[in-house]
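S.K.: My structure is below; once you've seen it, I'll send some questions.
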Amino acid sequence: MDVPFFLLEQLQSRLLHEKLSCLPSYRKARQDSQALWQSFCAHQPSEAREQALDLLDSHGAVSALAQDAAFCLGLQLGLELGRLERFWETDG
């Protein structure tokens, strides 16, 4: 992978984290999620918690891959659109 592309992916992750941490709705959803998890852990045996964690890890991995693919596609589309001269032509 190109170093510039790798740096863009790293920057994307950092900027996303910074943006999410500033959103009150994200913070509330995260707090609600943590409260639900704590309640689940208080009422379930360790085997069920381990299975739930495996399921969540799997779901998180799929979501991360989809997010990375969406970012790469958006970046590629932006680069392609930037090459189209008609967007930069002016009338007159």
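The values are calculated or read from the model by the stated rules, or taken from the named source; none is laboratory data. Everything numeric here is computed off the predicted structure, so don't read it as measured data. Cβ atoms come from the backbone with ideal geometry, glycine included; neighbour counts cover every protein chain shown. To get the accessible areas, we keep the full protein, side chains included, count just its heavy atoms, and leave off ligands, DNA and RNA. Shrake-Rupley method; radii C 1.70, N 1.55, O 1.52, S 1.80 Å.
S.K.: List every residue pair whose Cβ atoms lie under 6 Å apart, where the two residues are 6 or more positions apart in sequence or sit on different chains, the first residue falls within the range 26-51 and is of a type in the set (Lys, Arg), and the second residue, located anywhere, is open to solvent by less than 80 Å² (accessible area, probe 1.4 Å).
M.R.: Taking only residues 6 or more apart or on different chains, the pairs are ARG49/CYS41.
S.K.: Then there's this: Test of understanding: among ARG14, ARG49, which residue is of a type outside the set (A, V, I, L, M), in contact with a Cys (Cβ under 7 Å, 6 or more places away or on another chain) and either open to solvent by less than 90 Å² (accessible area, probe 1.4 Å) or modelled with pLDDT under 90 (or both)?
M.R.: Working: ARG14 fails: in contact with a Cys (Cβ under 7 Å, 6 or more places away or on another chain).
None of the others qualify; the one that does is ARG49.
S.K.: Can I ask one more? All but one of (1) open to solvent by 80 Å² or more (accessible area, probe 1.4 Å); (2) at pLDDT 90 or above; (3) under 14 Å from the mean Cα position of the chain (by Cα) hold for ALA61; which doesn't?
M.R.: (1)
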